[in-house]
Amino acid sequence: MEMTEREICREYRAAKDKKRQVGILADCNCTDREEILAILSRGGEKLPDAKARCKSFGNKRRRKDERLDGLIAEMEPLDFKIAKLEKQYCAVAKRVKQK
C-alpha cells in the first residue's frame, strides 16, 4: 500500500512514538526511512533530532537487514502470483498435450 505524502504526514503527526513511526511508514510504503524523513521534511513536520535517529536506526548492518527484510516481504506476494500462474500454465499445457 502506498500512501500519499499528505497521508504519511498525518499518520506521523498522530503517532505517539514518532521515531518508531518513521520505520513503520517506511515498511508500509515499501521504501526506506530516509525517503520518509524527506517526505516529512517537505511536509513541514518536526523530525526527531539526528542523535535520536542514529540510536533508533542502529548500525549499517541493521539497515541492510531491514532492507533485506523489505525485499523479502516484497517477494512474497510475487511468489504467490507466480505459483498461481504456474498452475494455470500447467493446466493449459496439459490440455494442449491431450489434443
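Using 29 Å as the Cα-Cα cut-off, could you pick out the over-long pairs in Lys16/Lys64; Lys18/Lys64; Lys16/Lys84?
Lys16/Lys84, as the Cα separations exceed 29 Å there.
Using label points projected 7 Å from each Cα along Cα→Cβ, tell me how many nm separate Asp27 and Val96, to one decimal.
4.2 nm
Loop only by DSSP, 13 or fewer other Cβ within 10 Å of the Cβ. Give me the GluC sites (Glu not before Pro) in region 1-42 that pass, ordered by residue number.
Those satisfying the criteria are Glu2.
Could you state how much accessible area Met75 has, in square angstrom rounded to the nearest 10, with a 1.4 Å probe and all protein chains kept in place?
Spelled out: Met75, probe radius 1.4 Å, area about 120 Å².
Could you order Ile24, Ile82 so the one with the most accessible surface comes first? Probe is 1.4 Å.
Per-residue accessible area, sorted high to low, gives Ile82, Ile24.
The values are calculated or read from the model by the stated rules, or taken from the named source; none is laboratory data. Computed from a predicted structure; not experimentally measured. Cβ coordinates were reconstructed from backbone atoms using ideal geometry, including for glycine residues, and neighbour counts include every protein chain displayed. These area figures cover heavy atoms from the full protein model, side chains too; ligands, DNA and RNA do not enter into them. Shrake-Rupley method; radii C 1.70, N 1.55, O 1.52, S 1.80 Å.
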